[in-house]
Amino acid sequence: MVFTIENALIATPDDYSSTKVLITDGRIAGISSQLDTVGTSINADNKLLLPGFVNAHTHSSEMWQRGIMSMFPLELWLAELYDFAPLDIEKVYLSALGTAVETLLSGGTTVVDHLVLIPGKELETIATAVRAYKEVGIRAFVAPLIQDESLAAGIPSGDTKQTHEPYFRSTQATLDIIEEAVKKFHCPEKGINIAVAPTGIQLCSDALFKGCAELSDKYDLCRHSHLLETKAQEKLAKEKYGCTAVEHLERIGYLDYRTSLAHCVHLTDKDIAILAHTKSTVVHNPLSNLRLGSGIAPILKYRQAGVNVSFGCDGASSNDSQDLLEAIKIGSIVHNVTDFDYQHWITPHQSVKMAALGGATGLNMADNNGSLDVGKKADLVLYDLTSLSLLPRTDPIGLLVLGRPVNVVDSAWVNGKQIVKSGNVTTIDVQDLRQELLKHSQWQKSRKSKTAAELEKHYRFVMGL
Ligand SMILES: [Zn+2]
């Protein structure tokens with residue numbers, strides 16, 4: 001497949017210029033206004049061309065509970081989430097499609113789905129998400145969410161003696177499921193990757209982290225995890241390890257250049273230095289951190305320490321959307337209220353680089369993705385600069401990041417294959433998806449989570465509330 005994008009606006013170091021971009025065999029073969037048009041010609045008049053962004057952390061099936069979750073902090077919110085989690089494969093499929101579409105239409109060409117597994121149907125859940133992402137054509141990192149401790153173990157004990165039920169599946173059985181998924185589905189050339197993804201220190205044993213690191217080494221897989229999202233987790237790490245979670249994860253060998261860590265809200269300066277020297281990536285999920293009251297991750301500190309940072313929407317139940325441009329906007333400017341030195345504030349051009357190249361770096365694919373360079377894969381997005389929300393003409397990247405862009409994605413390609421055209425996803429029927437989502441859900445108001453009610457008293461006590 002050969003085509004030439006003509007007259008696309010691209011950012012140069014000091015300005016913008018209109019240029020031609022030649023794509024052959026799924027890669028950028030040339031960028032210059034002097035190129036001959038080869039293959040199909042794509043008219044990009046008044047359109048901005050950017051590398052595709054990475055939605056570097058989400059949980060697709062949370063789509064079913066967006067807008068209804070109680071105003072809870074993470075630990076109680078999780079209890080409610082799991083009490084009402086969909087246990088239906090069809091729903092897994094539909095929400096993966098929905099997550100892919102919303103990511104694409106807000107500038108993302110890659111999604112990391114920290115996928116919640118239906119107990120007893122783990123491989124089927126993974127197969128279903130893989131099928132959905134293949135159908136849409138988005139580049140996907142399916143990261144099955146695993147743990148080997150029960151939910152209550154995620155809350156610190158404080159001075160109380162707490163015992164927890166054992167988790168329903170053994171650590172080895174869980175690792176076996178992941179290895180099976182790798183053998184069946186991991187296929188980077190086709191845009192589907194499996195990542196190892198223990199949910200976090202709050203619910204995982206060292207044996208699970210180590211087993212995941214071994215699988216990562218054996219099959220060269222990315223490693224993903226939540227990290228220090230809440231004050232409770234910071235406290236729990238001290239109880240569990242007698243040191244910080246980051247110190248512990250480094251000690252057991254989980255951190256390296258393939259490791260991306262969602263949230264990272266409560267880290268010490270020493271922790272930050274560890275992330276920098278292990279080349280781990282921080283995935284910034286600002287909307288989720290605000291929604292759950294987790295805090296504001298010290299992203300400007302990470303950037304100054306040389307830690308790679310990317311953006312994620314997080315699951316739609318803690319966001320409650322899947323709009324990557326919104327996460328990028330809030331995740332860029334939220335620090336202006338906590339960090340007084342404006343010279344470190346994130347500029348829109350830096351935000352775009354974090355979302356694209358930062359995202360690619362965190363997934364160990366920066367050699368092939370994340371920027372407009374000859375030789376890189378054609379994961380590209382064209383934005384319509386004649387949209388009312390991007391007018392009048394000023395700095396298009398400034399307006400894309402800081403404005404409130406509405407329906408601005410005109411085209412998107414993944415691996416050189418066009419999957420969004422004239423603002424519409426071309427690979428699946430989105431009207432049909434809307435009907436299915438409507439059909440499989442109902443309007444409702446409040447719900448009562450039994451598990452959250454059981455945990456609440458202890459949570460309030462141990463957190464001093
Ligand atoms: Zn998450």
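The values are calculated or read from the model by the stated rules, or taken from the named source; none is laboratory data. Predicted, not measured: the structure shown is a model, and the values here were computed from it. Don't worry about glycine lacking a Cβ; one is built from the backbone with ideal geometry, like all the others, and counts go over all protein chains shown.
Six or more apart or on different chains, Cβ atoms under 8 Å: show the pairs whose first residue is in the stretch 181-202 and among the small types (Gly, Ala, Ser) and whose second is surrounded by fewer than 18 Cβ atoms within 10 Å (Cβ to Cβ).
Ala181/Leu123; Gly191/Lys134
Which one of these does Asp339 not meet: (1) without any contact (Cβ under 8 Å) to a residue 60 or more places away in the chain; (2) surrounded by fewer than 22 Cβ atoms within 10 Å (Cβ to Cβ); (3) part of a helix (DSSP H, G or I)?
Every listed condition holds for Asp339 apart from (3).
If you go through the stretch 115-123 one residue at a time, do you hit one that is assigned to a loop (DSSP other than H, G, I, E, B) and either aromatic (Phe, Trp, Tyr) or crowded, with 20+ Cβ neighbours inside 10 Å (or both)? It would help to see each step written out before you state the result.
Pass one, the stretch 115-123, residues assigned to a loop (DSSP other than H, G, I, E, B): 117-121.
Right, trim to either aromatic (Phe, Trp, Tyr) or crowded, with 20+ Cβ neighbours inside 10 Å (or both) and you get 117.
Yes, the stretch 115-123 has at least one match.
Which residue out of Ile296, Ile272 is within 18 Å of the chain's Cα centre (by Cα) and either away from the ligand (no atom under 15 Å from the Cβ) or assigned to a loop (DSSP other than H, G, I, E, B) (or both)?
Working: Ile272 fails: within 18 Å of the chain's Cα centre (by Cα).
Residue meeting the stated conditions: Ile296.
Quick test for you: out of Ser280, Ser294, Ser288, pick the one residue that is of a type outside the set (A, V, I, L, M) and under 23 Å from Ala213 (Cα atoms).
On the way: Ser294 fails: under 23 Å from Ala213 (Cα atoms); Ser288 fails: under 23 Å from Ala213 (Cα atoms).
After applying the criteria, what remains is Ser280.
Say whether the condition of being more than 30 Å from the chain's Cα centre (by Cα), hydrophobic (A, V, I, L, M, F, W, C), over 25 Å from His114 (Cβ atoms) and loosely packed, with under 14 Cβ neighbours inside 10 Å is met by at least one residue in the stretch 32-39.
Applying the first criterion (more than 30 Å from the chain's Cα centre (by Cα)) to the stretch 32-39 yields 32-39.
So of that shortlist, the ones also hydrophobic (A, V, I, L, M, F, W, C) come out as 35, 38.
Right, trim to over 25 Å from His114 (Cβ atoms) and you get 35, 38.
Remaining after also requiring loosely packed, with under 14 Cβ neighbours inside 10 Å: none.
Among the residues of the stretch 32-39, not one is more than 30 Å from the chain's Cα centre (by Cα), hydrophobic (A, V, I, L, M, F, W, C), over 25 Å from His114 (Cβ atoms) and loosely packed, with under 14 Cβ neighbours inside 10 Å, which makes the answer no.
Filter the stretch 43-78 down to the residues that are in contact with a strand residue (DSSP E or B) (Cβ under 9 Å, 6 or more places away or on another chain) and small (Gly, Ala, Ser), then identify the one that is surrounded by the most Cβ atoms within 10 Å (Cβ to Cβ).
Ala56
Could you tell me which of the residues Asp373, Asp367 is assigned to a loop (DSSP other than H, G, I, E, B), among the acidic types (Asp, Glu) and within 21 Å of the chain's Cα centre (by Cα)? Steps first, answer last, please.
Numbers: Asp373 fails: within 21 Å of the chain's Cα centre (by Cα).
Criteria check complete, one pass: Asp367.
As an exercise: evaluate Val283 against (1) closer than 27 Å to Gly370 by Cα; (2) surrounded by fewer than 23 Cβ atoms within 10 Å (Cβ to Cβ) and give the number of the one condition it does not meet.
Val283 satisfies every listed condition except (2).
It is to be established whether one or more residues within the stretch 305-325 are out of contact with any strand residue (DSSP E or B) (no Cβ under 9 Å at 6 or more places or on another chain), away from the ligand (no atom under 16 Å from the Cβ) and part of a helix (DSSP H, G or I).
Within the stretch 305-325 (the criterion being out of contact with any strand residue (DSSP E or B) (no Cβ under 9 Å at 6 or more places or on another chain), away from the ligand (no atom under 16 Å from the Cβ) and part of a helix (DSSP H, G or I)), the answer is no, since none of the residues qualifies.
Has the stretch 395-410 got at least one residue that is part of a strand (DSSP E or B), under 26 Å from Thr40 (Cα atoms), modelled with pLDDT of 95 or more and in contact with a helix residue (DSSP H, G or I) (Cβ under 6 Å, 6 or more places away or on another chain)? I'd like the intermediate steps shown before the answer.
Within the stretch 395-410, the subset part of a strand (DSSP E or B) is 409-410.
Then keep just the ones that are under 26 Å from Thr40 (Cα atoms); that gives 409-410.
Filter once more, so that each one left must be modelled with pLDDT of 95 or more: 409-410.
Pick out the ones that are also in contact with a helix residue (DSSP H, G or I) (Cβ under 6 Å, 6 or more places away or on another chain) and you get none.
There is no residue in the stretch 395-410 that is part of a strand (DSSP E or B), under 26 Å from Thr40 (Cα atoms), modelled with pLDDT of 95 or more and in contact with a helix residue (DSSP H, G or I) (Cβ under 6 Å, 6 or more places away or on another chain).
Just one of Ile328, Ile346 is away from the ligand (no atom under 16 Å from the Cβ), surrounded by 17 or more Cβ atoms within 10 Å (Cβ to Cβ) and not in a helix (DSSP H, G or I); which is it?
When all the criteria are applied, what remains is Ile346.
Among the residues of the stretch 9-25, what is the count of those that are crowded, with 16+ Cβ neighbours inside 10 Å and either touching a residue at least 24 places away in the same chain (Cβ under 8 Å) or under 30 Å from the mean Cα position of the chain (by Cα) (or both)?
So the first thing to find is which residues in the stretch 9-25 are crowded, with 16+ Cβ neighbours inside 10 Å, and the list is 9-11, 19-24.
Now drop any that are not either touching a residue at least 24 places away in the same chain (Cβ under 8 Å) or under 30 Å from the mean Cα position of the chain (by Cα) (or both), which leaves 9-11, 21-24.
Adding up the residues that qualify gives 7.
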